[in-house]
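Nothing in this text is a laboratory measurement; each read-out follows from the coordinates by a stated rule. Please read these numbers as outputs of a predicted model, since none were measured by experiment. Don't worry about glycine lacking a Cβ; one is built from the backbone with ideal geometry, like all the others, and counts go over all protein chains shown.
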Amino acid sequence: MYDVQHPAYSKLAQIGREITTKVKPRAVVVFSAHWQASKDTVQVNTAEITDLIYDFYGFPDHYYKEKYPNVGSQEVAGKVLDSLKEAGIKAEGVKRGLDHGVWASFKCAFEPDSNPLNVPIVQVSLFKTEDPIQHYRLGQAVSKLREENILIIVSGMAVHNLRDMMFSFGNPTPLPYTVSFDEALKDAVTTSPDKREKAMADLLKRPDARQAHPFFDHLLPIHIGAGAAGDDVGVRLWTLKDGSMSWAQYRFGELESASVL
C-alpha cells in the first residue's frame with residue numbers, strides 16, 4: 001500500500017480502473033481471507049457505516065490511522081443473506097468494520113482521490129474451515145448476484161508464507177514452492193468450468209500446498225470466486241513470484257461480469 005513503486009501496486013490500480021470505467025458495478029460484495037466466521041455459518045456485514053479494522057500487530061503508528069471512505073448497503077447485504085439461505089447455507093447478519101484484507105488492497109485498486117469506487121461495499125466472511133468444496137459452494141450460492149451487476153471480489157494471495165519471509169526478505173528470487181504452486185493455481189483456475197471444482201480442490205492436496213500456504217485462509221477466497229464464476233472461464237491477468245509470496249491476479253468472465261482475486 002505504501003510502496004507505490006511495487007509492480008503489484010500499479011497492477012491493482014490498473015484492475016481497479018478497469019472496474020470503475022468498464023465494469024461499473026452498482027455494488028461490490030467482497031470476501032477477505034481475514035474474516036472467518038464459524039465452521040458451518042457465514043456472516044454478512046449489514047452495517048451501512050463501517051469503520052476500519054486494524055487487524056495486524058507491531059506496525060508503525062501511522063498504519064493504525066489509515067482511512068478508507070466506504071459505505072455498506074443493507075439492501076445488498078439482504079440479497080446476500082437470501083442467496084445463502086436459498087442455497088441451504090447458514091448465514092447471519094452482523095455489524096462489523098472492513099478488515100485490512102479489504103481496505104489495504106482497495107486503497108491500491110481504488111485510490112480515493114484518483115479512482116474512487118463510489119459504490120456500496122458489503123463484506124462477507126469465509127467459513128472457519130479449510131474445506132475447498134464448502135467454499136466453492138459458497139461462491140455458487142452468491143453467483144446470481146452478478147446478474148444484478150453486483151461485482152464479487154475475493155481477496156487473498158496466490159502464495160502466502162509469512163514465516164519464510166525472513167529468509168527471502170530483500171531477495172525477490174522466488175522460492176521453489178512459490179513457482180510450482182503459482183503455476184498449479186493458474187492451471188486449476190483456467191481449466192474448463194466443468195472440471196474446475198475438482199482441480200481447485202486438488203490444489204490443497206499438493207505436496208507443496210502447505211509450503212505455499214501454511215494456513216489455507218489466503219487461498220480459499222479464490223475457491224469462492226471460482227464457484228461464483230459459473231460457466232465463465234478464469235484467466236490470470238498477471239503474476240509476480242516474489243520470495244515466499246505470489247501476487248497473481250485473476251478474473252472470471254468478461255469485464256462486464258467479472259469475479260476478481
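Some observations on this one:
- Looking at the range 7-260, the DSSP beta bridges with both ends there are about 35 percent antiparallel.
- Cα-based shape type of the range 110-255, given that a ≥ b ≥ c are square roots of the gyration tensor eigenvalues and the cut on a/c is 1.5: oblate
- Applying a DSSP loop filter and a limit of 16 other Cβ atoms within 10 Å to the GluC sites (Glu not before Pro) in the range 1-92 leaves GLU48, GLU66.
- The range 48-147: chymotrypsin sites (Phe, Trp or Tyr not before Pro) in DSSP loop, at most 13 other beta carbons within 10 Å: PHE56, TYR57
- Taken along the Cα-to-beta-carbon direction at a fixed 7 Å, the label points for GLU130 and SER114 span 3.9 nm.
- Ranked by the mean number of other Cβ atoms within 10 Å of their residues, highest first, the peptides 184-190, 217-223 fall in the order 217-223, 184-190.
- Taken about its Cα centre, the chain carries a charge dipole of about 160 debye when Lys and Arg each add +1 at the Cβ and Asp and Glu each add -1 at the Cβ.
- Global form of the range 43-184, assessed from the alpha-carbon gyration tensor, a/c cut-off 1.5: oblate
- Each of PHE59, PHE252, PHE215 has some number of other Cβ atoms within 10 Å of its Cβ, and from fewest to most they run PHE59, PHE215, PHE252.
- Among [x] 17.1, 48; [y] 24.9, 106; [z] 18.9, 67, the entry derived from the coordinates for Rg and Dmax of the Cα atoms in Å: [x]
- Pairs from LYS198/LYS241; LYS95/LYS128; LYS85/LYS198; LYS22/LYS85 whose Cα-Cα separation, in the structure shown, is over 29 Å: LYS22/LYS85
- Amide H partners (placed H, <5 Å) of TRP238, local residues excluded: GLN249
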